[in-house]
Structures are given as structure tokens and as C-alpha cells.
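Read the structure below first, then the notes.
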Amino acid sequence: MKRIVCLALLLLLVLGVVNGAQLPHVSDMAGTFSAQEERTLESRLEQLYEKYRFDLNIVTTNNSQGKSAARFSEDYYITRKPMVDYPNGIMFSFNFDLREYDEASRGLGRTIFENAGEDELYNVLKPYLPSENYFQAMQAYIDYVERRLNRYSIVNDDGSFTLSGVERKPTLTEAASEIVQQYLLIIAGVGLAIGVGVAFLLKGKLQIAKPQQNAAQYTSYNSLRLRDSSDIFLYQTVTRTRIQENKSSGGGGARFNGGGGGGGGSHGHRGGRL
């Protein structure tokens, strides 16, 4: 009898440890990331979960099992992490066999991210997708997710954060940062224009010698007698015009509007093509 009780207690202890263990946030089934990159992403996602209790996950695959990217990401999320245990979160999938990506969001994730629209997600990933730099794409995506979570969070007295479905007004610092990011190119262009203008102004003040039509003032009359003359060309310019050929080319980079996945509409989706 004592042995049975001990075995039962041991089993409960093992189950408690298993349930308490945090499941990984990165499932790189396609081997997209290096070991170091995967550890970096996993560490960032763990910190995000500890701070906001928001479950952000990344999965890569070369086998979507005959499903659309939206259905695959949603089914994989439901199977791996049930909503009862992880009510608020995202499963982001790279479906390389389909050349598509999808973001399946649940709970407050739908309010915070799905409603933001697909263009916003596409603009976050766009700088990195053409070069297939998926690690940097996910780094930028995590930064983006954290910024939005912060805007939908309430800071408690103990310094912890509680997610809500209402976006708070940005602080003065956040507003200034967003303005700088939005108009960074314009600010850089204005600064460059000012710099060029100042350079030309200084150059004008440094001009001492004035341009002359000839060099007569630098010579003495009848001091130079030219006996022979010849033309020497130092450079040659050759222009070639290629004859164009009629070739057809397929389109690329089309946007994809992800459809609903499984789970009876319990998840929201945003997606696109790689």
C-alpha cells in the first residue's frame, strides 16, 4: 500500500514538472535558422511571455500537409498549445512549400494584431523577404509585436504589465519616436540639402581666382614660338545599343489574403507570399 502511495505521489510530481515546463516558442522544422539564431529568438520570445503573458510562437515547415498556410498555422497552434492554457497569443508560420507566411492570432491577439491590417504586417517583413533573411525578419517582427503589446498594456503598481483590448495614448517619447521613424527619410533629405547648401556657400567664399577666357595675362609677348602642333586623344567613348529580345516573365511578390483556418473561427489571420 505504501509503495502504491509513493508511486502515485511520484507520478503527480512528474506531471506537475511537465505541466510547469514552458513549451518552446520556436519550431524550426524547415531548418531555417542556425542554432545560435534559434536560441536568440527563443530567448526573446520567453522574455516577451514573462513580461506580457502573451504567447508568441514561430514555426517553419516544408510540409504544410496539404493545408493552406492559414489552416496549417491555426491547426498547429491548437494542437501544440490549447487555448485553455494559452488564451492570448500568435503562431507565425513560414510555409516554404507554399511560398507563403501566416499569422494566426487568438484572444487579445486578434484585437491587437488582426485589426491592424495585413499592410502593416507586410511592411514589417518587406525589407528582409527578398533576400530571404528570415532571422532578421523575425527580429523585426518581435520588435513590432512588443511595441504593440506595450501600447495595449496597463502598468501595475508593482511594475508588471496587464494586457487589455484598448489602445492607450502614446507617451510624449513614444509619439516623438514614431514621428522620427515615419519621417526619417524626409528628415535625412532635408539635412542633406542643408549640408550641400552650406558646402556651396563656403566654396563660393573661397574662390579667389576668377575664370579667364585665355591665358594671355600669364605670358610675356612673343616669348613663346610654337613650331609643331598635334592632337592627342586621351580617352575614347564607345556606345553600344543592345537589340532587345521579346521575353515573357512571370510575376512575383504578389500579396496573399489568408483565409480562415480550422477551429471554428477562433483565430484571426494575416498573411502573404514569400
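Once you divide the Cα radius of gyration of segment 53-163 by 2.2 N^0.38 Å, the number left is 1.10.
The label-point distance for Asn123 and Asn156, in a model that sets each label 7 Å from Cα toward Cβ, rounds to 3.4 nm.
Between Glu42 and Asn63, the modelled label-to-label distance comes to 2.2 nm, taking each label 7 Å out from Cα in the direction of the beta carbon. For a straight C-alpha distance cut-off of 16 angstrom, the aspartates and glutamates reachable from Lys126 (same-chain residues fewer than eight places away being disregarded) are Glu100, Asp102, Glu103, Glu118, Asp143.
Below 18 Å, Cα to Cα, which aspartates and glutamates can Lys169 reach? Residues fewer than 8 away in the same chain don't count. Output for Lys169: Glu146, Glu178.
Relative to one another, the C-alpha centroids of segment 94-144 and segment 21-81 are positioned 13 Å apart.
FYI, it's all coordinate maths here, none of it is from the lab. Predicted, not measured: the structure shown is a model, and the values here were computed from it. When we count neighbours, we look across all protein chains shown, and the Cβ atoms used for this are built from the backbone with ideal geometry, even at glycine.
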